[in-house]
Amino acid sequence: MLKNNNFIAGLGLIFLGIAYLLRNFNISMINTIMILAGLYFIYSAVIKKHQPHLLFGIVLTTTGAIMMMRDLRIFRFNITGELFLLLLGVIFLAVYFRKGILGFVFPGYILPAISIYSLIENNINDNFIWPSFFILLGLAFYMIYFTAYVHKSSWPLIPGTILILFGLGAFAVVLGLVSLDMISGLMNYQSYILSVAVILVGIVLLYRSIRSK
């Protein structure tokens, strides 16, 4: 036990010393420690057969390396937060596919969707980009359906479809394809629209009932 503690303490001091040394070259100590810790986890996975360590090692090493490239001005995009969300989503998905924990599939797709939207927003920075957030979330629910619920339940398609349609509608408004006056004009026919919608829902339910027999 004492030898093991000495090994961990020694390794930690070496990592800290290397990180402090590279700090003189404008490389963040946190980034260096992430890379070294990631490499240690990969070593542990390969030598000691600790499989969960491989995933953490890849995530830490990749994140630290990209952040280090940003410090060295090799990679200029500021995607630190976005990359973290993306890699966190990958971890949730990996655990889901390995352990079958259903709840992990939701952050597994929703977090990367938020990450992609944040990356787009920070690097494009236009006023008409915000509706893509709802479309990306809708696509995430579609991916959840095809990954975990296909042939079981179709409920993820409901929020997914609503979010995508709302995003497309918002795009139509901000791009000037549809005006607010047009929308208010349609409200004069809301009784007709509601009636047709109810009929269509009834037709779908009737079709599903007949098909199931």
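Cβ contacts < 7 Å: first residue within 19 Å of Gly176 (Cα to Cα), restricted to the range 129-143; second residue of a type in the set (Asp, Glu) and surrounded by fewer than 20 Cβ atoms within 10 Å (Cβ to Cβ), any location; separation 6+ or different chain. Result?
Ile129/Glu121
Among Gly12, Gly17, Gly38, Gly57, which is the only one that is over 29 Å from the mean Cα position of the chain (by Cα), assigned to a helix (DSSP H, G or I), at pLDDT 75 or above and outside the structural domain of Leu111 (by TED's automatic domain parsing)?
Values: Gly12 fails: at pLDDT 75 or above; Gly38 fails: over 29 Å from the mean Cα position of the chain (by Cα); Gly57 fails: over 29 Å from the mean Cα position of the chain (by Cα).
Result: Gly17 is the single residue among Gly12, Gly17, Gly38, Gly57 that is over 29 Å from the mean Cα position of the chain (by Cα), assigned to a helix (DSSP H, G or I), at pLDDT 75 or above and outside the structural domain of Leu111 (by TED's automatic domain parsing).
Take the residues in the range 23-35 that are part of a helix (DSSP H, G or I) and of a type in the set (A, V, I, L, M, F, W, C), then tell me which one is farthest from Ile66 (Cα to Cα). Steps first, answer last, please.
Kept after step one, since they are part of a helix (DSSP H, G or I), are these residues of the range 23-35: 23-25, 29-35.
Right, trim to of a type in the set (A, V, I, L, M, F, W, C) and you get 25, 29-30, 33-35.
Values: Phe25: 16, Met29: 14, Ile30: 12, Ile33: 13, Met34: 11, Ile35: 10 Å.
Across the range 23-35, the extreme among qualifying residues is Phe25.
Just give me the residues in the range 144-158 being assigned to a helix (DSSP H, G or I) and either without any contact (Cβ under 8 Å) to a residue 12 or more places away in the chain or within 17 Å of the chain's Cα centre (by Cα) (or both), in sequence order.
Within the range 144-158, the first condition is being assigned to a helix (DSSP H, G or I), and the residues that meet it are 144-149, 157-158.
Within the range 144-158, Ile144, Tyr145, Phe146, Thr147, Ala148, Tyr149, Ile158 qualify.
The values are calculated or read from the model by the stated rules, or taken from the named source; none is laboratory data. Predicted model only: the values in this text are computed from it and were never measured. As a convention, Cβ positions derive from the backbone with ideal geometry for all residues, glycine included, and neighbour counts pool all protein chains shown.
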